[in-house]
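Structure first, commentary second.
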Amino acid sequence: DCYLYALNMSDGSLAWKWSNGRTNDKFSPAAVWPVASDGKIFIVAPDRVLTCLTADSGKVVYRTAEHKVRESIGISADGNTVYSRCMEDTVIAMDARSAEPVTLWKADAAYGYDHNPSMMIEAGKVVVFGTKNGLLHAVANRKMKFHGRKLLPGDVVWRHKIGNSVINTVVAPSEKEIYLTTTSGIITRVAVK
């Protein structure tokens, strides 16, 4: 019904609901997987806007259409950084602590046009995500070295072709080991050397 809902944990009653004003469910936050940090909720709905709401009341802290984000979001282990993918090639990192939209870095990850809604997962010094066409990517989330290469935040560390279907949200117990499934039924363990 085009709303994002927050429920009270004690009894499941409605705490608040929020709409981006779109009446077409194709652009609403209806199928969004939110992330949270420091009393704020972050979403990237199909309206291509990054939205930050207060967790207690659902009031808008900010909305920004600076980047064409769409449904793919993640948050750092320390809760300080929100990651998102744009619809074409670009990965962004936003400051989760700020009361206004602050882009920490933006980089071309060269994955082409993609709207896979799976989450971006931080695994040590990398952020891992899959695409709609079976490519698993790892991008640096800070300055690092990998096999002698000096990398900056957003640089592609590695990529691996798993198949030709959507890669679901991955599980990454560490930056050296990643588990994933695809919509074609493939289950894969990736060991990073």
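Here are the numbers for the structure shown:
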| item | result |
| --- | --- |
| Under 28 Å from Lys193, Cα to Cα: lysines that are on another chain or at least 8 residues apart | Lys106, Lys125, Lys132, Lys143, Lys145, Lys150, Lys161, Lys176 |
| Cβ-Cβ FRET estimate between Ala55 and His147, R0 fixed at 45 Å, reported to 0.05 | 0.65 |
| Gain upon complete extension [Asp108, Ile186; 0.36 nm per residue less C-alpha separation] | 25.3 nm |
| Candidates Val69, Val61, Val32: whichever shows maximal mean-square fluctuation once the chain is modelled as a Gaussian network with Cα springs under 10 Å | Val61 |
| Along each principal axis, Cα extent of the chain, largest first, Å | 49, 36, 33 |
| Taking the C-alpha atoms of region 1-53, convex hull volume expressed per residue in Å³ | 79 Å³ |
| With all protein chains modelled, accessible area of Trp33 [1.4 Å, Å²] | 140 Å² |
| Label-zone membership for region 74-110, site His160, 7 angstrom Cα→C-beta point, backbone N under 12 Å | none |
| Sulfur and carbon atoms: percent of accessible area, region 80-193 [1.4 Å] | 52 percent |
| Heavy-atom SASA rank of Thr181, Thr188 (probe 1.4 Å, accessible area, largest first) | Thr181, Thr188 |
| Simple label model, 7 Å out from Cα along Cβ direction - Ser10 to Tyr62, nm | 3.4 nm |
| Rounded if a/c under 1.5, otherwise prolate or oblate - region 4-109, Cα gyration tensor axes | oblate |
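The values are calculated or read from the model by the stated rules, or taken from the named source; none is laboratory data. Here the structure is a predicted model, which is why all the values come from computation and not from measurement. Glycine also receives a Cβ, built like all others from the backbone with ideal geometry; neighbour counts cover every protein chain displayed. Only protein heavy atoms, including side chains, enter the accessible area calculation; ligands, DNA and RNA are left aside. Shrake-Rupley method; radii C 1.70, N 1.55, O 1.52, S 1.80 Å.
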